[in-house]
Every structure is written in structure tokens, then in C-alpha cells.
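The values are calculated or read from the model by the stated rules, or taken from the named source; none is laboratory data. It should be emphasised that the depicted structure is a prediction, and the values quoted were computed from it without experimental measurement. So basically every Cβ, Gly included, is an ideal-geometry build from the backbone, and we count neighbours across all protein chains shown.
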Amino acid sequence: MSPDDLVIFGGSGSTRLTARVCEYLGVTPGRSEVLQFSEGNTFVRVLENVRGRQVYLIQSTVFPANDNFMELLFWIDALKRASAESVTAIVPYFSYGKGDKKDEPRVSIRARVCADAIEAAGADRVVTMDLHAPQIQGFFRIPVDNLYALPALCDHIRTKGLENCIVVSPDSGFVKQARKYASYLETSVAIADKQRTAHDEKVEVMDVIGDVQGKTAIIVDDFTISGRTLVDVSIKLIERGAKEVYAMVAHGVLTEGSIERLEASPIKRLLFTDTVENHPVKFSDKIEIVPVAPIFGEAIKRIFNRESISAMFPQ
């Protein structure tokens with residue numbers, strides 16, 4: 001992989017992940033700077049020549065979501081205006097993925113608005129991880145590669161030597177993906193029956209479908225913000241006879257109050273990846289971070305070499 005043809009930049013939302021991806025690939029991160037002016041405006045500047053080069057920009061869009069998303073757009077625009085041959089936007093956590101449908105009157109389909117903005121800014125390709133809804137790929141008219149944290153999370157949980165496990169989907173919407181986790185770990189699946197009545201991030205877990213008696217339950221999900229769903233499901237699992245409860249989440253988007261909630265829960269360990277940085281909370285000993293830089297690094301290498309991305313993951 002020649003540094004003359006490829007360059008990787010990191011936005012302020014993913015500085016540490018960018019460094020790890022570059023280390024995996026054996027390249028030096030591109031030089032750049034971001035300024036925040038006193039009235040709230042963001043200014044970005046590319047500090048090296050990218051003319052005719054394939055550029056990969058790594059930027060998660062959270063903490064703060066709106067600022068980091070606008071910075072992403074400014075980076076894409078700056079790189080295209082600097083005559084980069086192509087710009088691939090690598091968005092490890094696509095925060096507005098939750099707004100994927102018009103499920104009530106007079107609301108915005110936010111993920112579609114963001115997709116349009118990324119295209120309008122000039123991105124040639126998007127790479128992300130564990131989109132909240134796979135159909136979001138269809139919001140774009142440019143290629144979108146949706147990577148999965150599953151292999152990294154499952155390989156890590158295997159090192160703990162857990163026995164008699166069962167994978168638990170936190171709701172019916174995540175069952176298909178939960179089955180992939182179960183297949184990888186060679187376990188069965190249980191499903192939590194929950195309902196959400198408002199936008200206050202509170203849910204009610206009604207019951208658990210499946211036999212968890214005496215088993216080590218592993219809750220899997222694509223993201224957690226308040227931790228309430230994980231906590232409520234874990235309590236219900238213990239009530240239904242589960243021996244221990246673990247949780248694996250692709251994106252740990254933890255906000256104020258989430259750590260205290262998780263600490264008081266039956267969850268023994270919570271695993272999530274390093275797709276999100278700049279958390280406003282201090283992690284507890286229950287949380288373990290699983291690195292995914294090798295997954296993003298391998299994806300970049302395969303895109304650069306025109307190789308298959310899907311071959312990286314179990315089908």
C-alpha cells in the first residue's frame with residue numbers, strides 16, 4: 001500500500017481510532033487541523049497535498065453529534081476542493097441512523113437528510129459499522145459498506161470461557177442479527193419482549209421468550225445510550241432463572257446516569273467497541289472496550305486494492 005496514493009485523515013470525533021487504523025496499515029495519519037470559533041463555527045484545513053490521491057476520512061458523528069456531523073461535511077468538501085481523486089467517508093458510528101423512518105406524523109427522516117448531505121458534500125463512498133437499520137444503505141446513491149463488530153465482540157467473549165450460553169435479543173427487531181451472533185458462538189437464541197411508548201429512552205420489558213434457566217445470557221445490541229434496555233432485560237433474565245448476564249454492544253454511546261444504572265444492574269460485563277470517543281462519563285470496571293481498528297483497516301485495504309468487503313464476515 002503506497003502512501004503516495006493513499007492518505008487517511010481523522011476528524012475530531014475519531015482521533016484515537018484513526019491513529020489505531022493507521023498503525024494497523026503502517027501509514028502516517030494525514031496532517032490537518034480543526035478550529036472552533038467563539039460563536040460556534042467549525043473550520044477545517046488540510047495541511048498536505050491530496051491531489052490525485054485516494055483519501056479516507058474517519059469521523060464518528062456523536063459527542064457532540066451535530067458538531068461532528070457538520071465537521072464531517074466540511075472535511076469532505078475541503079478534500080474534494082483540494083482535488084482528491086476520491087473521498088471515502090468512514091463513519092464508525094452513524095448517530096442519526098435511528099431516524100430511519102417516518103413512524104409518526106410530521107417528523108423528519110433524519111438518516112435520509114444526513115445521507116443527502118454527505119452525498120452533496122462530495123463523498124464517493126461511505127463505510128460505517130452496524131447501521132441501526134440496514135435499509136439506510138438505500139438512502140445513498142453512492143456505495144455504502146456496512147461493517148460488523150460481531151467477529152471482534154464474539155472472539156473477545158470467547159476468551160472468557162463462558163459455559164452453557166444463550167444469546168438474547170433485546171427486542172424482536174434485532175432477532176435476525178442476534179441469530180448471527182448465536183451462530184458464530186454456536187448457541188441458541190432468546191428474545192426479550194419490550195415496548196417503547198415515547199421518545200424518553202424508556203422501555204418496558206414485558207417478558208423473555210426462550211428458556212434461559214441456569215444459562216449464561218449474553219445480550220447483544222447495536223447501540224446503547226442510557227443503558228435502560230440492557231438493565232431491564234438483564235433483570236428480567238435473572239427473574240427467569242439465568243445464572244449470569246453479559247452484554248455485547250457495537251456502539252457504547254453512554255450518557256449521564258448510564259454508568260450508575262449499569263453498575264447497579266445484574267450485568268457482569270458490558271463489552272462494546274471503540275467506535276465512539278469523547279464520552280461525557282467515566283467508565284466503570286464492568287465495561288470492556290473491544291478494538292475494531294483492524295476491521296476498519298482491513299476494509300480500507302480491500303477498498304484500495306479493489307477486493308471484496310463481504311468476504312471479511314460470516315454469511
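On the given criteria, is Arg31 farther than 30 Å from Glu256 by Cβ, outside the structural domain of Leu254 (by TED's automatic domain parsing) and surrounded by fewer than 19 Cβ atoms within 10 Å (Cβ to Cβ)? So Arg31 passes the test.
In region 273-282, the condition of being touching a helix residue (DSSP H, G or I) at 6+ places or on another chain (Cβ under 8 Å), surrounded by fewer than 16 Cβ atoms within 10 Å (Cβ to Cβ), in contact (Cβ under 8 Å) with a residue 12 or more places away in the chain and not assigned by TED's automatic domain parsing to the domain that holds Thr128 is met by at least one residue.
Within region 245-269, being in contact (Cβ under 8 Å) with a residue 60 or more places away in the chain and surrounded by fewer than 19 Cβ atoms within 10 Å (Cβ to Cβ) holds for one residue alone: Arg269.
Considering only region 258-272, I want to know if a residue exists there that is modelled with pLDDT of 95 or more and within 30 Å of Thr88 (Cα to Cα).
Yes: one or more hits.
Filtered by the rule that a residue be in a loop (DSSP other than H, G, I, E, B) and more than 15 Å from the chain's Cα centre (by Cα), region 131-164 gives Phe140, Arg141, Ile142, Pro143, Thr159, Lys160, Gly161, Leu162, Glu163, Asn164.
Residues checked against (1) crowded, with 20+ Cβ neighbours inside 10 Å; (2) of a type outside the set (A, V, I, L, M); (3) in contact with a helix residue (DSSP H, G or I) (Cβ under 8 Å, 6 or more places away or on another chain):
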site	(1), (2), (3)
Ser14	yes, yes, no
Thr18	yes, yes, no
Ser38	no, yes, no
Thr42	no, yes, yes
Gly52	no, yes, no
Asp67	no, yes, no
Ala84	yes, no, no
Thr88	yes, yes, yes
Tyr96	yes, yes, yes
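Among Ala247, Ala192, Ala217, Ala198, which is the only one that is over 23 Å from Phe63 (Cβ atoms), at pLDDT 95 or above and within 24 Å of the chain's Cα centre (by Cα)? Lay out the reasoning, then the answer.
Values: Ala247 fails: over 23 Å from Phe63 (Cβ atoms); Ala192 fails: at pLDDT 95 or above; Ala198 fails: at pLDDT 95 or above.
Testing whether each residue is over 23 Å from Phe63 (Cβ atoms), at pLDDT 95 or above and within 24 Å of the chain's Cα centre (by Cα) leaves just Ala217.
The set of residues from region 1-45 being β-branched (Val, Ile, Thr) and touching a residue at least 60 places away in the same chain (Cβ under 8 Å) comprises Ile8, Thr15, Val21.
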